[in-house]
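The values are calculated or read from the model by the stated rules, or taken from the named source; none is laboratory data. Quick caveat: nothing in here was measured; it's all calculated off a predicted structure. Here Cβ is always computed from backbone atoms with ideal geometry, including for glycine, and neighbour counts include all displayed protein chains. For accessibility, only protein heavy atoms count, side chains too; no ligands or nucleic acids. Shrake-Rupley method; radii C 1.70, N 1.55, O 1.52, S 1.80 Å.
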Amino acid sequence: WMGDTPYYIGYFNMYNYWGFTEQVPQTVFVLNTRKSMNKIITGIRFKAVRIDKKKYYGIQGIKIDGETVNISDKERTLVDFIFNPINSFNKIKEVLKDNVKEIDAEKFIKYLIQFPVIAVRKRAGYILERLNFNAKLLNELQQSVGKENTYITLNPFNRLRKGAINKKWRVIVNG
């Protein structure tokens, strides 16, 4: 049903696949560059989520019943997790803490720098710094934030713009 549209299985399906959550999603999320729609195929719910072409990277193929299926690799899934988390902001911190030593750090930073949403880079940088992540790579990430002076809230679930200010990452530590 996707035809020749570039796609990958992502979001909640990959959060479970890579062990970021034990929750098993009831819908298969198909991120792609052309279509947004819902479809039921043999009783399984699919949700096609259209994404910007700039977000289409970090894909690997796996075999399922002899067919190659595109999924997000672990580092790309972490970027998606920071962008589109589940449950709570604390879950982002927990998942990063649990996985930071088991990923390709250079690839993860490269993916964060490539991701077009600067708020994701700021949140990741702030959290990774507290996890004593590689300073050289964090510096590269910070450079990618640029001179943009807009402050973002650290916790996207909490809309209050009150809290300590982190000037380095331009983050309002709101929870």
(1) part of a loop (DSSP other than H, G, I, E, B); (2) among the hydrophobic types (A, V, I, L, M, F, W, C); (3) under 30 Å from Val100 (Cα atoms); (4) touching a residue at least 12 places away in the same chain (Cβ under 8 Å) all hold for Val24 apart from (4)
Please enumerate the residues belonging to the stretch 29-48 that are open to solvent by 30 Å² or more (accessible area, probe 1.4 Å), of a type in the set (Val, Ile, Thr) and outside any loop (DSSP other than H, G, I, E, B). Ile40, Ile41, Ile44
Quick test of your reading of the structure: Lys54 fulfils all but one of (1) modelled with pLDDT of 95 or more; (2) out of contact with any Phe, Trp or Tyr (no Cβ under 9 Å at 6 or more places or on another chain); (3) among the charged types (D, E, K, R); (4) surrounded by fewer than 14 Cβ atoms within 10 Å (Cβ to Cβ). Name the failing condition by number. (2)
In contact (Cβ under 8 Å) with a residue 40 or more places away in the chain, open to solvent by 10 Å² or more (accessible area, probe 1.4 Å) and within 19 Å of Asp104 (Cα to Cα), is that true of Lys74? yes
